[in-house]
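The values are calculated or read from the model by the stated rules, or taken from the named source; none is laboratory data. All values derive from a computational prediction rather than experimental measurement. Every residue, glycine as well, gets a Cβ built from its backbone with ideal geometry; the counts of neighbours run over all protein chains shown.
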Amino acid sequence: MSATVIDGKAFAAEVREKVAGHVARLKADHGIIPGLAVVLIGEDPASSVYVRNKGKQTREVGMKSVEHRRDTDISEAELLALIDDLNTDDSIHGILVQLPLPDHLDAELVINAIDPAKDVDGFHISNVGLLGTGQKSMVPCTPLGCLMMLRDQHGSLSGLNAVVIGRSNIVGKPMAQLLLGESCTVTMAHSRTRDLPEVVRRADIVVAAVGRPQMVQGDWIKPGATVIDVGINRLAKEDGGTRLVGDVDYDSCAPVAGAITPVPGGVGPMTIACLLANTVTACCRANDLPEPEGLTV
Ligand code: NDP
């Protein structure tokens, strides 16, 4: 039996449609337009592409999109002043500072300067603490997208064994917190984990966020398990081009798993969709309006 392929592209389109519907209602009923500001420092080509895509998708769902591009030599004080302006701008409900930042800028300081209520990446220390203590927070976009797909697949996740491979602050740790919030029994694996294949074999849900191409093998997977592949790795092809692969060896895992996300077309598209979802959620909270259903935890 082959796994159900979880179509992240189609799922993300549904999320964007829900966001667009909510944005339209906010405009029609309250005259409010949610606004997202993205700050990009320098000319990193990958970051530029992300920022362009974010702006395009933000406009497509009817929200206001503002981009602030600054040269690499911007001082920390100038960047903090820009964030301060955005914090006090009532037309901006979400602020995202594209990472990584140049070395002379302290990323933690910069992220923690964002008003937590506008921190649509969910990286501010207040949001990390709120999520960790099971309180309402802004949830990091990639784990939020993974959770939406898991809920769609399983309905209730209560009591399931979940293994999250990777303990980064942006994916692994918040993912584990979210799964704990769903009453999963959560194991966090990392580079020091002993006998990782055996740990993974116990999992009903596997989330791989490692950054190692095709590491998770088919014989690690419990038959019928759901496999969420967060990894994005670029491999060289013989013809000189490149191709994207995940952290999961799709070909060996798909015949064993019950459901699996492909790379590309799985988790990736959900991340920007969840950024839009977070922005509309932040806008509703800022205006004391009911939050859109199904777009947050
Ligand atoms: P990090 O490099 O920050 O973290 C990687 C984690 O994997 C670490 O906790 C590390 O353990 C663990 N790890 C490394 N090697 C092994 C190993 N051999 N066995 C078990 N665990 C290991 O990565 P990110 O969390 O930022 O990203 C992970 C992947 O997800 C990357 O491919 C990235 O490109 C992708 N990504 C995709 C997104 C999307 O939108 N789809 C968004 C964000 C990331 P330790 O802590 O012990 O070093």
task: Considering only residues that are buried (at least 17 other Cβ atoms within 10 Å of the Cβ) and not aliphatic (A, V, I, L, M), look in segment 129-152 and name the one that is nearest to VAL227 (Cα to Cα).
output: CYS146
- request: Return the only residue of ARG212, ARG243, ARG202 being within 9 Å of the ligand (Cβ to nearest atom), without any contact (Cβ under 8 Å) to a residue 60 or more places away in the chain and among the basic types (Lys, Arg).
  value: ARG212
query: Which one of GLY55, GLY62 is of a type in the set (Gly, Ala, Ser), farther than 23 Å from SER137 by Cβ and part of a helix (DSSP H, G or I)?
result: GLY55
field: Filtered residue count, segment 186-200, keeping only those that are part of a helix (DSSP H, G or I) and farther than 16 Å from MET175 by Cβ
entry: 3
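Does ASP219 satisfy the criteria of being acidic (Asp, Glu), farther than 14 Å from GLY8 by Cβ and either free of Cβ contacts under 8 Å to residues at least 12 places away in the same chain or in a loop (DSSP other than H, G, I, E, B) (or both)? Give the derivation first.
Working: acidic (Asp, Glu): yes; farther than 14 Å from GLY8 by Cβ: yes; either free of Cβ contacts under 8 Å to residues at least 12 places away in the same chain or in a loop (DSSP other than H, G, I, E, B) (or both): no.
Considered against the rule, which asks whether it is acidic (Asp, Glu), farther than 14 Å from GLY8 by Cβ and either free of Cβ contacts under 8 Å to residues at least 12 places away in the same chain or in a loop (DSSP other than H, G, I, E, B) (or both), ASP219 comes out as no.
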message: Restricting to segment 205-259, and then to whatever is of a type in the set (Asp, Glu) and surrounded by 14 or more Cβ atoms within 10 Å (Cβ to Cβ), can you tell me which residue is farthest from CYS184 (Cα to Cα)?
response: ASP249
message: Given the options GLY8, GLY62, GLY42, name the one that is in contact with a helix residue (DSSP H, G or I) (Cβ under 6 Å, 6 or more places away or on another chain), at positive phi and touching a residue at least 12 places away in the same chain (Cβ under 8 Å).
response: GLY62
field: Among residues of segment 236-257, those that are at pLDDT 95 or above, more than 19 Å from the chain's Cα centre (by Cα) and aliphatic (A, V, I, L, M), counted
entry: 3
query: Taking the condition in contact with a Phe, Trp or Tyr (Cβ under 9 Å, 6 or more places away or on another chain) and either farther than 22 Å from GLY21 by Cα or not aliphatic (A, V, I, L, M) (or both), does ILE74 pass?
result: no
message: Can you name every one of the helices (runs of 4 or more DSSP H) wholly within segment 88-174 that holds 3 or more residues which are without any contact (Cβ under 8 Å) to a residue 12 or more places away in the chain and more than 27 Å from LEU26 (Cα to Cα)?
response: none
message: Please determine whether any residue of segment 260-268 is more than 19 Å from the chain's Cα centre (by Cα), surrounded by fewer than 21 Cβ atoms within 10 Å (Cβ to Cβ) and of a type outside the set (Lys, Arg).
response: no
- request: Kindly indicate the residue of segment 114-160 that is farther than 24 Å from THR261 by Cα and of a type in the set (S, T, N, Q) and also nearest to the ligand (Cβ to nearest atom) among those meeting that condition.
  value: ASN127
message: Within segment 258-269, does at least one residue satisfy the condition of being more than 16 Å from the ligand (Cβ to nearest atom) and either part of a helix (DSSP H, G or I) or in contact (Cβ under 8 Å) with a residue 60 or more places away in the chain (or both)?
response: yes
field: Members of segment 1-52 found to be in a helix (DSSP H, G or I), surrounded by fewer than 13 Cβ atoms within 10 Å (Cβ to Cβ) and of a type in the set (Asp, Glu), listed by number
entry: GLU17, ASP29
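May I ask you to verify whether VAL206 is in contact with a helix residue (DSSP H, G or I) (Cβ under 8 Å, 6 or more places away or on another chain) and not in a loop (DSSP other than H, G, I, E, B)?
Yes, satisfied.
Please verify whether SER191 is surrounded by fewer than 17 Cβ atoms within 10 Å (Cβ to Cβ), without any contact (Cβ under 8 Å) to a residue 12 or more places away in the chain and within 11 Å of the ligand (Cβ to nearest atom), treating the condition exactly as stated. Even if it seems obvious, please write down each step before you answer.
On the way: surrounded by fewer than 17 Cβ atoms within 10 Å (Cβ to Cβ): yes; without any contact (Cβ under 8 Å) to a residue 12 or more places away in the chain: yes; within 11 Å of the ligand (Cβ to nearest atom): yes.
Yes; evaluated as a whole, the condition is true for this residue.
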